Structures are given as C-alpha cells and as structure tokens.
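Report on one structure; see the data block that follows.
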Amino acid sequence: RRAAEGCDYIGLGPFRFTATKEKLSPVLGPEGYRRIMGELGRGNVTVPVYAIGGIRAADVKAIMETGVYGIAVSGAITGHANKKELIKELNKYLYEYA
C-alpha cells in the first residue's frame, strides 16, 4: 500500500522484540522478511525496504540475505558500551552486501 502512495522507503519490522517501541507488529524474523520481500518482488515494488526492530550485528547477514535494501538500528547502538566498535562491525557486515 505505502509504495503505491509514493513513499520514498519502507521500514519493515520488527525483526524481533525491541524495547524501543511500545506498540509492535508481529515479530517477523528472517522467514517473515523473505516472505514479504518475495511478495513485494512479485508486485514489482521497487521502493527500498529497510529492516528495523531489535536488530543486532550478528543478525545483519541473515537479514540482508532476505533481499532488504538495508537496516535501521537505534537500540543496538544507544545501548552498546562501545558504540564506535559496534558501528564498525555493522559497517563491515553491510559492506559485504553493498
């Protein structure tokens, strides 16, 4: 629906439970992302889709393999003791799929 309304991107989630949101949609996990990305592809939706919600660095590979354009993180960064190292780690994983 949102793509037909002319949006610039879609934030799709949550990947898993996250404490940064109060009203969550059902948790998707990798299988949910694969299913939805497949549906979007069959519908010729070309708007970039960003995974969001409870994402950790270790999740990036599995998430990017679902066909999403990228990820959005907040809690992972704000709650991390060494933000600089976490961002380096996230970038390393993301550049593997760029």
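Sort out which residues of the range 41-83 are hydrophobic (A, V, I, L, M, F, W, C) and over 11 Å from the mean Cα position of the chain (by Cα), and write them in order of number. Within the range 41-83, VAL45, VAL47, ALA57, ALA58, ALA76, ILE77, ALA81 meet the criteria. Taking the criterion of being closer than 14 Å to ILE55 by Cβ and part of a helix (DSSP H, G or I), the residues of the range 74-90 that qualify are GLY75, ALA76, ILE77, THR78, LEU86, ILE87, GLU89, LEU90. Scanning the range 15-38 for residues that are part of a helix (DSSP H, G or I), within 24 Å of LYS88 (Cβ to Cβ) and of a type in the set (A, V, I, L, M) turns up nothing. Pairing each residue of the range 73-98 that is touching a residue at least 12 places away in the same chain (Cβ under 8 Å) with any residue that is surrounded by 12 or more Cβ atoms within 10 Å (Cβ to Cβ) and hydroxyl-bearing (Ser, Thr, Tyr), provided the two are 6+ apart or on different chains, yields C-beta distances under 7 Å for SER74/THR20; GLY75/THR18; GLY75/THR20.
Just checking, how many residues over the range 47-61 are modelled with pLDDT of 95 or more and among the small types (Gly, Ala, Ser)? Matching residues across the range 47-61 total 1. With respect to the conditions (1) surrounded by 13 or more Cβ atoms within 10 Å (Cβ to Cβ); (2) among the hydroxyl-bearing types (Ser, Thr, Tyr); (3) more than 20 Å from THR18 (Cα to Cα), THR46 falls short on a single one, namely (1). As a summary of the residue check, ALA19 satisfies the conditions (1) surrounded by fewer than 17 Cβ atoms within 10 Å (Cβ to Cβ); (2) modelled with pLDDT of 95 or more except for the one numbered (2). The residue of the range 39-58 that is farthest from GLY70 (Cα to Cα), among those that are among the β-branched types (Val, Ile, Thr) and part of a loop (DSSP other than H, G, I, E, B), is VAL45.
The values are calculated or read from the model by the stated rules, or taken from the named source; none is laboratory data. As the structure is a computational prediction, the values presented were derived from the model and not from experiment. Note that we place each Cβ from the backbone using ideal geometry, even for glycine, and neighbour counts take in every protein chain shown.
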